[in-house]
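The values are calculated or read from the model by the stated rules, or taken from the named source; none is laboratory data. The model shown is predicted, which means the values in this text are computed figures rather than measured ones. Cβ placement follows ideal geometry from the backbone for every residue including glycine, while neighbour counts extend to all protein chains displayed. Surface areas here come from the heavy atoms of the whole protein model, side chains and all, with no ligands, DNA or RNA. Shrake-Rupley method; radii C 1.70, N 1.55, O 1.52, S 1.80 Å.
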Amino acid sequence: MHTTMGSKDNGTLRSDAEAPTRRANMQTKLSHSPEQQTGQAAGTTAFVVSAYANANANTSLEKSKSASTAGAMLIWDLPLRLFHWLLVGAVTVAAITGFLAPEWWLDVHSWAGYTIGFLVIFRVLWGLWGTFYARFRSFIFPVDETLAHLRALAQKKPGHYKGHNPAGALMVFTLLGTLIALTVSGLIILGGQENIGVLAGYVSFATGSGAVEFHEILAFGLLGLIGAHLVGVLIESLLSRENLVRAMIDGRKSVSPVHAQSCVGHADTSAVNQRELPPAKRVWARAISTVLMVLLAGSGAAWALLKTPPNGYVAMPANKTYASECGDCHQAYHPSLLPGSSWKKLMAGLEDHFGEDASLDDESAKEVYAFLRRYASDKWDSEAANNLRQVATKNPITITATPYWQRRHKDIGKSVFAQKRSAPKAIVLPATKMR
Amino acid sequence: MKSWNGVSAVLAVLYLSFVLTPAPAAAGPAQDQILKHYQDLAGADVTFSADRGKEFFMAKHTGGKPKSPSCTSCHTKSPLKSGRTHANKKIAPMALSKTKDRYSELKKVKKWFRRNCRSVLGRECSPQEKGDFLVYMMGQ
């Protein structure tokens, strides 16, 4: 896809504006080294970057010329900048809720994750058909060029790129890859452990739990990458005497004569600009249709995926006998809160049921026991069933004695449990239906 | 004159019987059925008494589970008020006037007498105790 076009005046770096079309060349008044431009045009590998390039050559010419003369030109289009800062926001929310907030912030964390997933998909598509500097092929560099750039960087004399430089490009791809892996592993955890989200129907609890460690390692990796990204931006800003943070806000990067010597592909600035940054209207039309496409495809995929009921989900009809025989005195606990072996022991000791006689006539006892065994935790793959399956050996019939329950409540003071409780609302155990 | 006296005497008797009889006011056929069940068990010579029922309800018993020495442990001292189970679930008032569908299903009545007599007294209650209790609650 890429040809390293040996520019005459710098041996190692190639033009990032690879193939200005002849028409664009002819219409452009070149301000810098015409012979380089001609050379490049002659050596053009037919690579038409922008579908709308030629059509807009005339209209955007004036604009780009003025931008050129002002010493700065629009490099990062507005959708790209919006993507960047929305991603910063979503990642911040995901990081805070993921690293610091208690578990009941999971909803916010998940929605931050969905937002990140959406933004990354948009970015990938924008990398295929966005404006020139947003496209992946404008910053996929050959290995030797990347190495050369890094060597030059070590000597504090990196070549100037209008778009991403090879180091920055590496960072972009690594960040995008990490975010994709984080989003996917997050969905696996959500589907496996919580039985919610688009993968709920396809991932077991064990798989979801297995993905947790992976997700955490990636999250720490992302923190490191963000740090490296910020350091990189700082270094590049200092070395190039250009505020790159501001560039990601107003989209403009310097192409002033100061940079001309080392500025890669600088010669064809105006040609590139008028071709690769079409009028805002067109950029917006394309960006909005991309967003709609992602949303439409995303909700379509979600709708299709959500048709499958959660993995390990059991359709459970309501049982009237259970609801009244057990639910008259206490909450009719979901049968999946204890394993079958515990229900067996519990049903055998109803005459002294937590300090009360809760005996049943044989017929009711039989029905209740059958119901409990059939829908006991052994039969489900839900989070509660998995966590509560392990019971206390000395007290196997008490849900609150299970190691999991104890662990989750250990920080709650005894005084809280001793408080006089207000009447709980009647809890009706509903029949669960297949979705 | 005599005939008038006769009429007023009949009216007076009717009036007094209406006022004085501790009739199970709200009890319907379903409740009567259940009362009859316990009457049959207790024998025809036993007359159920609401006063004895009240005494039984309020009394502190021994022999049951430590958590529940009395009916009032859960049902409170007023049959008109709702109570709480040990698991803190609301129990509708025991008085028939407050909970209209009480004492209408023999299976349920039997179940609760069995469970709660064992919890409170540590034994089954006698048909007479059950009858007294029912007459008391149906009259409340």
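Quick rundown of the values:
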read-out	value
Candidate lysines - alpha carbon under 20 Å from A:LYS281, same-chain residues fewer than 8 apart omitted	A:LYS63, A:LYS65
Coil-residue trypsin sites (Lys or Arg not before Pro) of the stretch B:50-140, DSSP, other Cβ within 10 Å capped at 14	B:LYS60, B:LYS67, B:LYS77, B:LYS81, B:LYS100, B:ARG123
Too-long pairs where the Cα-Cα distance tops 23 Å, listed order kept, from A:LYS320/B:LYS36; A:LYS345/A:LYS394; A:LYS320/B:LYS77	A:LYS320/B:LYS36; A:LYS320/B:LYS77
Whole-Hz ³J(HN,Hα) from phi, Karplus 6.51 cos²θ - 1.76 cosθ + 1.60, for the stretch A:329-345, glycine and proline x	9, 9, 3, 6, 4, 5, x, 6, 7, 9, x, x, 4, 6, 4, 4, 5
Å² per residue, accessible surface of the stretch A:320-418 at 1.4 Å	55 Å²
Amide H contacts under 5 Å for A:ALA72, placed H, 5+ residues apart	A:VAL255
Cα-based reach from A:LYS156 at 12 Å (exclusive), listing aspartates and glutamates while leaving out same-chain residues under 8 positions away	A:GLU236
B/A buried area, accessible surface, summed, 1.4 Å probe, Å²	1800 Å²
Rough spin-label spacing in nm, given labels placed 7 Å along Cα→Cβ, for A:ARG81 and A:THR393	6.6 nm
Ranked order, A:PHE118, A:PHE99, A:PHE214, B:PHE57 - accessible area, probe 1.4 Å, largest first	A:PHE214, A:PHE99, A:PHE118, B:PHE57
For the stretch B:56-71, 3J(HN,Hα) per residue [Karplus equation, 6.51 cos²θ - 1.76 cosθ + 1.60, θ = phi - 60°, Hz, x = Gly/Pro]	4, 5, 7, 5, 8, 9, 10, x, x, 6, x, 5, 9, x, 9, 4
Using θ = phi - 60° and Karplus 6.51 cos²θ - 1.76 cosθ + 1.60, couplings along the stretch A:146-154 (whole Hz; Gly, Pro as x)	4, 4, 4, 5, 5, 4, 4, 5, 5
Heavy-atom accessible area, 1.4 Å probe, ligands and nucleic acids excluded: residues of the stretch A:314-354 down by at least 10 Å² from chain alone	A:GLU325, A:GLY327, A:ASP328, A:CYS329, A:HIS330, A:GLU351, A:ASP352, A:PHE354
Inter-label distance for A:PHE417 and A:ARG151, nm, one decimal - labels placed 7 Å from Cα along Cα-to-Cβ	6.9 nm
